[in-house]
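**Q** Let me give you the structure first, and then I'll get to my questions.
The values are calculated or read from the model by the stated rules, or taken from the named source; none is laboratory data. Given the structure is predicted, the values throughout are model-derived calculations rather than measurements. Positions of Cβ are backbone-derived with ideal geometry, glycine not excepted, and every protein chain shown enters the neighbour counts. In case anyone asks, the SASA skips ligands and DNA or RNA and just uses the protein heavy atoms, side chains included. Shrake-Rupley method; radii C 1.70, N 1.55, O 1.52, S 1.80 Å.
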Amino acid sequence: MTMGNRFYFFVISIICTLCFSTAVFASNNDILTNYRLHGIKNIQKELDKSLSDKNYWQEFLKNKDTQFGYIESYTNILLCNKSKSELLIYSRDSNNTYRLRKEYSAFTGKFKGDKTREGDLKTPVGVYDIVKKLSKVDSFYGPMAFVTSYPNLYDRYKGKTGQGIWIHGLPSNQERDEFTKGCIAINNKSIECLNKNIDIKKTVLIIKEDTGSNNTVSKETLALLLSNLYAWRYSWLYNNLEDYLHFYAQEFKRFDGMNLEKFKQYKQRVFSKNENKIILFRNINIIAYPNIENLYKITFNEEYKSDSFSFHGKKILIVRLQNNQFSIITEK
């Protein structure tokens, strides 16, 4: 079955579901009349528009565990609190609730604060993936190490330098300081325990300073972010360039260095084709950026298809929320 056919049957199934509900349109008759007079495309457009409704997302999130944000694809959360020298594992249970599973004492960088440059002996603050496990490392790092995605998209946007931020063990036969050069170090039994308890492809690492605040995002804020995400998608899907660009901050800089002015010119050329598109988002994750107010990392798998281009892969947005709308400051 082609992607177009899959999407067609997906829309039909939603229409059938909506015939038993009045959540999106005023009445069931509105749905059928709209379909009778204008066909499937008009119904599809109405449904796409409805996904940008904050009320829909508030209802959707009502019984979701959002203590770490809105998370679809991660089964494990690693939370490192540098000030408390701890690394915690939260795992999602059968009720889709994140429960504290393990607590480890941890060494972090010699100096407090966010890492900004190579050699500053600071552990970065941010949201990271675990990109690789190293089973053969120098004995100084214990039996194994997990490589983080530092510098991530936001780190590069901020011009931060350095690399090689790991979660690793301790030397088995030599002394070491009670701090690292920027990594997170736990004892060797703990690193082996960690290895047994996480799937690195389904694990996200949040590193923060203990400032008295946690990383919890209110359901109202998450509903606002999700409705904005789908309003951005709607403007993109239906070639409304003005609305689309309204979601980008003046200080926007794309992962490859493209600034807002050049990005506008590029998108003007793309939107001028006025192509029909399929744009689907799956595995959406929204996590508040630690220790920075109103900044969020949004990731999702994007399926994009038009007459001239197709893409299927991971998308990353760093957004700032203000005045009930997010502004994208960088993306990849």
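**Q** Starting from residues that are of a type in the set (D, E, K, R) and at pLDDT below 90, keep the ones in the stretch 173-198 and report whichever is surrounded by the most Cβ atoms within 10 Å (Cβ to Cβ). Explain how you work it out, then say what you get.
**A** Residues of the stretch 173-198 that are of a type in the set (D, E, K, R), as a first pass: 175-178, 181, 189, 192, 196.
Restricting the remaining residues to those that are at pLDDT below 90 gives 175-178.
Values: Glu175: 6, Arg176: 11, Asp177: 8, Glu178: 8.
The qualifying residue surrounded by the most Cβ atoms within 10 Å (Cβ to Cβ) is Arg176.
**Q** Check the stretch 60-77 and report whether any residue there is open to solvent by 30 Å² or more (accessible area, probe 1.4 Å) and in a helix (DSSP H, G or I).
**A** Initial filter on the stretch 60-77 (open to solvent by 30 Å² or more (accessible area, probe 1.4 Å)): 60, 62-65, 67, 72-73, 75.
Filter once more, so that each one left must be in a helix (DSSP H, G or I): 60.
Yes, that holds for at least one residue.
Results for (1) over 15 Å from the mean Cα position of the chain (by Cα); (2) at pLDDT 95 or above; (3) over 26 Å from Gly126 (Cβ atoms); (4) open to solvent by 20 Å² or more (accessible area, probe 1.4 Å), shown as yes or no for each residue.
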position: Phe271; (1), (2), (3), (4): yes, yes, yes, no
position: Ile287; (1), (2), (3), (4): no, yes, no, no
position: Glu293; (1), (2), (3), (4): yes, no, no, yes
position: Ile298; (1), (2), (3), (4): no, yes, no, no
position: Phe309; (1), (2), (3), (4): yes, no, yes, yes
position: Lys315; (1), (2), (3), (4): no, yes, no, yes
position: Val319; (1), (2), (3), (4): no, yes, no, no
position: Ile328; (1), (2), (3), (4): no, yes, no, no
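**Q** Search the stretch 78-90 for residues being assigned to a strand (DSSP E or B) and free of Cβ contacts under 8 Å to residues at least 60 places away in the same chain, and hand back the single one that is least open to solvent (accessible area, probe 1.4 Å).
**A** Start the filter on the stretch 78-90 by keeping residues that are assigned to a strand (DSSP E or B), which leaves 78-81, 86-90.
Still in the list and also free of Cβ contacts under 8 Å to residues at least 60 places away in the same chain: 86, 88, 90.
Details: Glu86: 45, Leu88: 15, Tyr90: 39 Å².
Ranking the candidates gives Leu88 first.
**Q** Working carefully through the options Ile207, Ile198, find the one that is within 26 Å of Val319 (Cβ to Cβ) and aliphatic (A, V, I, L, M). Show your work before the answer.
**A** Values: Ile198 fails: within 26 Å of Val319 (Cβ to Cβ).
Going through Ile207, Ile198 in turn, just one is within 26 Å of Val319 (Cβ to Cβ) and aliphatic (A, V, I, L, M): Ile207.
**Q** Hey, can you tell me all the residues within the stretch 213-234 that are buried (at least 19 other Cβ atoms within 10 Å of the Cβ), small (Gly, Ala, Ser) and more than 16 Å from the chain's Cα centre (by Cα)?
**A** Ala231
**Q** Among (1) buried (at least 17 other Cβ atoms within 10 Å of the Cβ); (2) under 16 Å from Ser52 (Cβ atoms), which single condition is Asp243 missing?
**A** (1)
**Q** Which residues, counting only those in the stretch 259-289, are touching a helix residue (DSSP H, G or I) at 6+ places or on another chain (Cβ under 7 Å) and free of Cβ contacts under 8 Å to residues at least 24 places away in the same chain?
**A** If the condition is that a residue be touching a helix residue (DSSP H, G or I) at 6+ places or on another chain (Cβ under 7 Å) and free of Cβ contacts under 8 Å to residues at least 24 places away in the same chain, then Lys264 is the only one that fits.
**Q** Could I ask something else about it? Determine whether the stretch 210-222 contains at least one residue that is modelled with pLDDT under 95, in contact with a strand residue (DSSP E or B) (Cβ under 9 Å, 6 or more places away or on another chain) and of a type in the set (D, E, K, R).
**A** Taking every residue of the stretch 210-222 in turn, at least one turns out to be modelled with pLDDT under 95, in contact with a strand residue (DSSP E or B) (Cβ under 9 Å, 6 or more places away or on another chain) and of a type in the set (D, E, K, R).
**Q** Conditions first: (1) among the aromatic types (Phe, Trp, Tyr); (2) open to solvent by 30 Å² or more (accessible area, probe 1.4 Å); (3) modelled with pLDDT of 95 or more. Phe140 passes all but one, so which condition is the exception?
**A** In the conditions (1) among the aromatic types (Phe, Trp, Tyr); (2) open to solvent by 30 Å² or more (accessible area, probe 1.4 Å); (3) modelled with pLDDT of 95 or more, Phe140 misses (3) alone.
**Q** Within the stretch 247-259, is even one residue part of a helix (DSSP H, G or I) and surrounded by fewer than 19 Cβ atoms within 10 Å (Cβ to Cβ)?
**A** First, the residues of the stretch 247-259 that are part of a helix (DSSP H, G or I): none.
For the stretch 247-259, residues part of a helix (DSSP H, G or I) and surrounded by fewer than 19 Cβ atoms within 10 Å (Cβ to Cβ): absent.
**Q** Separate question: If we only count strands (runs of 3 or more DSSP E) wholly inside the stretch 268-332, which ones have 3 or more residues that are among the aliphatic types (A, V, I, L, M) and closer than 20 Å to Glu242 by Cα? If you could, list the steps in order and put the result at the bottom.
**A** Numbers: elements: 278-288, 295-305, 310-322, 325-331.
Hits in the stretch 268-332: 310-322.
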